[in-house]
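Q: Below is one structure. I have some questions about it.
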Ligand code: ARG
């Protein structure tokens, strides 16, 4: 099959070179967007009187036929035609003849491929945002359902203070909400029309780029033809947003792995989201959560891949940029699957609420409440901290919990400690009292969820 650019060549491309330079094996994924862009381009060419209307109509009709052929798996992609752009254009010319040869007027594959990736990413990022919102709603629902359940909160992976399970869950909901905001923001820079930049310098023909932007739903038209064909910032930004998202899902996955261990027993994952061992019949492994943690590596790698691929490129288009597709496609697939699976895994797990609550009371987790009690009795916080530290030391030495101490014993540490101290050292009381804005009291957490739900609807 003759290549569209074969005119100035006398020898054929070598087979290994064809294989090395082709992108059709992976960029065929852009077919829908390539056709959508071409239909809009042909309409503009005809509106501007650059090509005859009847040819533009034939192009539109031919492209729609090709659309159906690809959709139904009847289209033959050819490696010798390099990429998706030339595959579709060649098929069009074969189908409608000379009129098809007018489609590539005032366009280059350089602005065409930039257009295709932007259209593709725009659609995928919108889907990712929808999946994020679904996950956020799942988390808010779980937080509401388990309102009042207490668990140990950790710092340095040591039991620190009792918290509401709902507060813990909402912490992740907040992370995912920021992720959604980041993707929304990235969309602003993705949704800019590069078409019309042509190879790098624009065109002598009277194109109407605003019109094409309108047809394709772009918010803006790119300002500089050279930048338009050599910019992949929008894709890098997408990868960076995804890397941060995966960092979050990975942290959550890590907790799911930990919490499902015998040692923690904070959750039981459903059979549908776990796998067995080929040798140990008793095992139920959190492989899904582990893979979620593990797949983070490929997304970080994809970001580094693309930053590195771009860093030395002179203006304007360079073929290196064809390598943008692997990291972008892989990231889209990984992020979407991860979000979907995480939401399902959460919806299907069971909490070991008793176990969590028992853990929350242990390890002197309400010691800070004693210190704050003393602060309310006008003891400076540093002194209060010191006194409470000594109480804890005493408890450790005498094998007692904070609630097992007699008032006499408390009094021996500070006269400011009264009988009512016992109403402050229970885990329920401790949690209830943390009413500060954003704190873990049921009151504050309910307010947080209310505000969060409103944001979800907006
Ligand atoms: N397949 C190419 C890519 O993905 C399309 C642009 C090719 N342009 C060129 N001048 N060879 O980047």
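Each reported figure results from applying straightforward, stated rules to the coordinates on display, with no laboratory input. These numbers were taken from a predicted model, which means no experiment stands behind them.
Q: With the Cα gyration tensor of segment 1-48 giving a ≥ b ≥ c as the square roots of its eigenvalues, does the rule (a/c under 1.5 for rounded; else a/b larger than b/c for prolate; else oblate) give rounded, prolate or oblate? Display every interim value, and only then the final one.
A: Working: a/c = 5.10, a/b = 1.61, b/c = 3.17.
Oblate is the answer for segment 1-48, as a/c is 1.5 or above yet b/c matches or exceeds a/b.
Q: OK, next. For segment 317-388 and segment 268-310, what is the separation of their Cα centres, given in Å?
A: 19
Q: So how many Å³ per residue does the convex hull of the Cα atoms of segment 219-314 work out to? Intermediate results must be reported in sequence, preceding the final value.
A: Working: hull volume 14.1 nm³, N = 96.
Per-residue hull volume (Cα only) is 147 Å³.
Q: Next up: Any idea what % of Cα-Cα pairs in segment 266-423 are farther than 25 Å?
A: 62
Q: Roughly how many Å is it from the Cα centre of segment 59-96 to that of segment 39-58, as a whole number?
A: That distance is 19 Å.
Q: Measure out, as a whole number of angstrom, how far apart the alpha-carbon centroids of segment 1-33 and segment 390-458 sit.
A: A separation of 69 Å, based on Cα centres.
Q: Across all directions of projection, what mean area in square nanometres is found for the Cα convex hull of segment 87-181?
A: Details: hull surface 42.0 nm².
Dividing the Cα hull surface by four gives the mean projection, 10.5 nm².
Q: Specify, per residue and in Å³, the volume enclosed by the convex hull of the alpha carbon atoms belonging to segment 325-390.
A: Values: hull volume 12.2 nm³, N = 66.
Taking the convex hull of the Cα positions in segment 325-390, it is 185 Å³ per residue.
Q: Okay, next question. Provide Rg and Dmax in Å for segment 69-137, with only Cα atoms included in the calculation.
A: Final numbers for Rg and Dmax: 16.6, 54 Å.
Q: Another question, if that's okay. Tell me the mean residue ellipticity at 222 nm calculated for the chain from its helices only (DSSP H runs of n ≥ 4, each -39500 (n - 2.57), averaged over every residue, nearest 500).
A: Values: 19 runs with 275 residues, N = 458.
Roughly -19500 deg cm²/dmol at 222 nm, from the helical runs in the chain.
Q: Still on this structure, I have one more. With a Cα-only, solvent-free Debye model of segment 140-273, what are the log10 I(q)/I(0) values at q = 0.16, 0.18, 0.22 Å⁻¹?
A: -0.89, -1.04, -1.33
Q: Using the Kirkwood radius over C-alpha pairs as Rh, can you work out the diffusion coefficient of segment 3-138 via Stokes-Einstein at 20 °C, viscosity 1.002 mPa s, in µm² per second?
A: Working: Rh = 16.3 Å.
The estimated diffusion coefficient comes to 131 µm²/s.
Q: Would you compute the Debye intensity of segment 367-458 from its alpha-carbon atoms alone, equal scatterers and no solvent, and pass along log10 I(q)/I(0) at q = 0.14 Å⁻¹ to two decimals?
A: -0.57
Q: Taking just the alpha carbons, could you work out the radius of gyration and Dmax for the chain, both in angstroms?
A: Rg and Dmax of the chain, Cα atoms, are 30.5, 102 Å.
Q: Restricting to bridges with both residues inside the chain, how much of the DSSP beta-bridge set is antiparallel, in percent to the nearest 5?
A: Numbers: 9 of 11 bridges.
Just about 80 percent of them are antiparallel.
Q: Could you run the Debye sum over the Cα atoms of segment 31-90, one equal point scatterer each and no solvent, and tell me log10 of I(q)/I(0) at q = 0.17, 0.29 Å⁻¹, two decimals?
A: The computed values of log10 I(q)/I(0) come out as -0.57, -1.18.
Q: Below 8 Å, C-alpha to C-alpha, sequence gap of six or more: please give me the relative contact order for segment 288-399 in percent. Write out the running numbers ahead of the final one.
A: Working: 40 pairs, mean separation 19.6, N = 112.
Reported relative contact order: 18 percent.
Q: In whole percent, what relative contact order does segment 379-441 give with Cα contacts below 8 Å and a gap of six or more residues?
A: Relative contact order of segment 379-441: 20 percent.
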